Structure formats: structure tokens, C-alpha cells
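Here's the structure we're looking at; comments come further down.
We did not get these values from a lab; they are worked out from the coordinates using the rules stated. What you are looking at is a predicted structure, and each value in this text was computed from that prediction instead of being measured. Ideal geometry is used to build each Cβ from the backbone, glycine not excepted, and the neighbour counts take in all protein chains shown.
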Amino acid sequence: GKGAYPYYMIKEIDEQPAVLRRLIQTYQDQNGQFVVDDNLKAALQNSDRLYIVACGTSYHAGWVGKNLFEKQINIPTEIHLASEFAYNPPLMSEKPFFIFLSQSGETADSRQALVLVNQLGHPSLTITNVKGSTLSREATYTLLLHAGPEIAVASTKAYTAQITVMAILAAAVGQTQQHGLDLAHELSIAATNMETILAEKDQIKAWVDENLLETPNAFYIGRFLDYYVSMEAALKLKEISYIQTEAFASGELKHGTIALIEEGTPVIAIISQAKVDKHTRGNLEEVKARGAKTCVIATQDFAQPGDQFVLPKTHALLTPLVIAVMVQLIAYYTSLGKGLDVDKPRNLAKSVTVE
Ligand code: F6R
């Protein structure tokens, strides 16, 4: 049950540091090395291209995973929406390896794609929260999220667990080529940083109450990983608050979207990555000049005076883990503040078993 919590969503948001720590322990051997099944490891090492296939929040986690695989194990990685893949599969490489991300393991769109992959005889891995689920049974390999049941329709802990498991998988596969990254250490810092954000719920709620409860629309902007987590931030906010929220790669604003900015439109910028931080700030100035009500969520190393939320420093590859908690709380308090049913948003089901 949800115990003293008013909603499952906030309970599940709160559980994330514990899930992260559980994953570190579960996937480490006695020597503190991350390990996965030898055959799975060999299959990935033998592949010339990874194809991540997923829907919704899991798809957004996939973008973060793509960066981890490309940076940590040097395998080009494509990311596909399951509903697109199943009926219009991409041109495949010689030795493709498929990674299905699915909290429930039952999503029909993803299953359709897996059926096709199996018909073609390619190896696959399902990363899921549900042991024995359809996608886990039908894939060649399975890794579990160990996140405990996720009851709220809006996915939270599954997203951060998926990113964590992909980081662990990349570390386990690429042990010889890790660029000096002590992943267990960096993940445990991320868990602590999540706790810091969870301890600041009141400030987040106060900001939401003042800025988001009346708006019909809102934007998240960022570049690179900050864009990827923006996509998830926007989905979370729109699905439980019914505010039309879109995420934009901030460089794209000037190519069209900036036309939507009016006096008072909330624009939330996420800034946690070197090289793109200044550019996102520049884009933020452009929307501010057109009347946007701006908000900055920055990690400590990129923060500037006046930023609304400064998050603790986290390893550059892992900042989405920590920023996710922040944007989940923004969505949660918006839904709560509007008096909506946080756990059961209209028109949605927890597991989408129709195509
Ligand atoms: C959003 C949400 C959905 C799911 C999507 C895929 O909060 O929960 O977007 O992420 O339906 O579900 P799974 O991961 O179970 O395949």
C-alpha cells in the first residue's frame, strides 16, 4: 500500500535513492565489479550496433542509454519508438542487438517489435521491472529493474532504474574500456543527490503553486542530455496536470517554436552539461525578451546567481538521474495543486496492451 503517502506517485518518487542503491548492490560481484550474464556480455561485445526500442517514459530513458552506450562502450546506438519500429523497421546493421525497455514488460507496441526481431533471428535483451513478463520471456536475455511495483500511472522510479541498469550494463560490458569512471561511486553520489532534492519538496511546491497552476501551456528546454530529460519532464507534467507541455532542444526554438511564446508563458531550462550550458542560457534570454516567465534548473557547476533551482553536482553522464527527481516533483505538485487524481490521470492506463 501507499502507507502514509497521499499518492503512490510521491511514494515512488521517494523510493528512487533506495532503488538506485539496491541496483548497485544487486549487479556487483564480491570484488565490487558490475557483472551481467557472460552470454549477454559477449552478445553486446559482438554487436556492431544497438537498437533501443521502447514507448513513452521508457523511450525517454532510452535516449539517455544511447549516450551511455556510445560513450562507454563505443557501439553506435539507435533509439526507436516501438510503435514506429514494428511497422517500418529501420535498415539494420550486420550484427544488430536489440534492447527493449519496458517497465511492465507487457506493452503491445514493444511486443510487436520484439516479435519481428525474433522472426529475423536477432538477439535481444529486455530491461523490465516485471519478472516473467511477456517481453522478458520472449527476449533472449533479461535484466530486472528491481524497483518494486510501480502503481502510479505516471512512471517515475522505472525511468531512473532503467537509466541505472543501462549504465551498469555498459560498465559490465566495457570493463576494459571504461574511461576511468568509477560507476558505483558516481551512482551512489547520484543517490545522495536525489535525497538532497527530495528534502527540498517544500520549495518546489511553493514555486509550482506560484508559477504553474494557472498556465495553459509550458515549455522545457535544454540541449543534449538536458534535452533528453526535458522530454521526460514534459511528458510527466502534461500527463498528470493536463497542461500542454512540450520539450524543445533549445537551439530549435528559433526555427519555429519561439512563435508560441507569449507574455507569461513558463519556460523551464535544464542546464547540466558543459559546452551547451551557455547556449541554453542564450536561448533562455531570447524567450525572456518575448515575455516568457523563465525558470532555471542547473547543476551546481553550471549555476548562476538568480537560478531558481541549483542541484548538487553529479557525474556528467548521470545528471538525468538527479534532474528526473526534480521534474517529477514539479509534475506531482502541479497535479496535486490543481486537485487532480495524481495516480490515475484521465484517459490513461498503466500498461498499454493494445497497439
Ligand atoms: C508515462 C508512462 C508511459 C509508459 C509507456 C511504456 O508516465 O508511464 O509513457 O512509460 O506506456 O510503458 P512500459 O515501460 O511499461 O513499456
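Select from the stretch 313-353 the residues that are polar (S, T, N, Q) and surrounded by fewer than 24 Cβ atoms within 10 Å (Cβ to Cβ) and write down the one among them that is nearest to the ligand (Cβ to nearest atom). Can you show your working first?
So in the stretch 313-353, the residues polar (S, T, N, Q) come out as 314, 319, 328, 334-335, 347, 351, 353.
Keeping just the survivors that are surrounded by fewer than 24 Cβ atoms within 10 Å (Cβ to Cβ) gives 314, 347, 351, 353.
Values: Thr314: 22, Asn347: 12, Ser351: 6, Thr353: 10 Å.
Here the residue is Ser351.
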Checked the stretch 242-276 for anything hydroxyl-bearing (Ser, Thr, Tyr), out of contact with any Leu (no Cβ under 8 Å at 6 or more places or on another chain) and free of Cβ contacts under 8 Å to residues at least 40 places away in the same chain; matches are Thr257
Going through the stretch 117-171 one residue at a time, which ones are under 19 Å from the mean Cα position of the chain (by Cα), under 27 Å from Tyr87 (Cα atoms) and of a type outside the set (Val, Ile, Thr)? Leu125, Asn129, Leu143, Ala154, Ser155, Ala158, Tyr159, Gln162, Met166
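Of Glu84, Glu78, which residue is free of Cβ contacts under 8 Å to residues at least 12 places away in the same chain, under 13 Å from Val53 (Cβ atoms) and within 25 Å of the chain's Cα centre (by Cα)? First the steps, then the outcome.
On the way: Glu78 fails: free of Cβ contacts under 8 Å to residues at least 12 places away in the same chain.
Of the residues listed, the single one that is free of Cβ contacts under 8 Å to residues at least 12 places away in the same chain, under 13 Å from Val53 (Cβ atoms) and within 25 Å of the chain's Cα centre (by Cα) is Glu84.
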Looking at the stretch 153-202, which of its residues are surrounded by fewer than 22 Cβ atoms within 10 Å (Cβ to Cβ), among the hydrophobic types (A, V, I, L, M, F, W, C) and assigned to a loop (DSSP other than H, G, I, E, B)? Val153, Leu181, Ala199
Residues in the stretch 67-110 that are over 17 Å from Gly56 (Cα atoms), hydroxyl-bearing (Ser, Thr, Tyr) and out of contact with any Phe, Trp or Tyr (no Cβ under 7 Å at 6 or more places or on another chain) total 2
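Residue-by-condition table, conditions (1) surrounded by 15 or more Cβ atoms within 10 Å (Cβ to Cβ); (2) within 16 Å of the ligand (Cβ to nearest atom):
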residue: Leu260; (1), (2): yes, no
residue: Ser272; (1), (2): yes, no
residue: Lys278; (1), (2): no, no
residue: Arg281; (1), (2): yes, no
residue: Lys288; (1), (2): no, no
residue: Ala292; (1), (2): yes, no
residue: Glu355; (1), (2): no, yes
For the stretch 203-237, name all the residues that are in a helix (DSSP H, G or I), buried (at least 20 other Cβ atoms within 10 Å of the Cβ) and of a type in the set (Gly, Ala, Ser). Ser230, Ala233, Ala234
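Can you confirm whether Tyr227 is aromatic (Phe, Trp, Tyr) and either within 16 Å of the ligand (Cβ to nearest atom) or out of contact with any strand residue (DSSP E or B) (no Cβ under 8 Å at 6 or more places or on another chain) (or both)? Explain how you work it out, then say what you get.
On the way: aromatic (Phe, Trp, Tyr): yes; either within 16 Å of the ligand (Cβ to nearest atom) or out of contact with any strand residue (DSSP E or B) (no Cβ under 8 Å at 6 or more places or on another chain) (or both): no.
It is false that Tyr227 is aromatic (Phe, Trp, Tyr) and either within 16 Å of the ligand (Cβ to nearest atom) or out of contact with any strand residue (DSSP E or B) (no Cβ under 8 Å at 6 or more places or on another chain) (or both).
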With free of Cβ contacts under 8 Å to residues at least 40 places away in the same chain and surrounded by fewer than 19 Cβ atoms within 10 Å (Cβ to Cβ) as the only criterion, which of Asn31, Asn39 stands out? Asn31
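When you check Ala274 against the structure, is it of a type in the set (Gly, Ala, Ser) and under 22 Å from Leu253 (Cα atoms), yes or no?
Numbers: of a type in the set (Gly, Ala, Ser): yes; under 22 Å from Leu253 (Cα atoms): yes.
So Ala274 passes the test.
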May I ask you to list the residues in the stretch 111-123 that are exposed (fewer than 14 other Cβ atoms within 10 Å of the Cβ) and within 16 Å of the ligand (Cβ to nearest atom)? Val115
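Just to confirm my filter: which strands (runs of 3 or more DSSP E) fall fully inside the stretch 28-110 and include at least 2 residues that are within 16 Å of the ligand (Cβ to nearest atom) and within 15 Å of Ala167 (Cα to Cα)?
Details: elements: 49-54, 77-81, 96-102.
Qualifying strands (runs of 3 or more DSSP E): 96-102.
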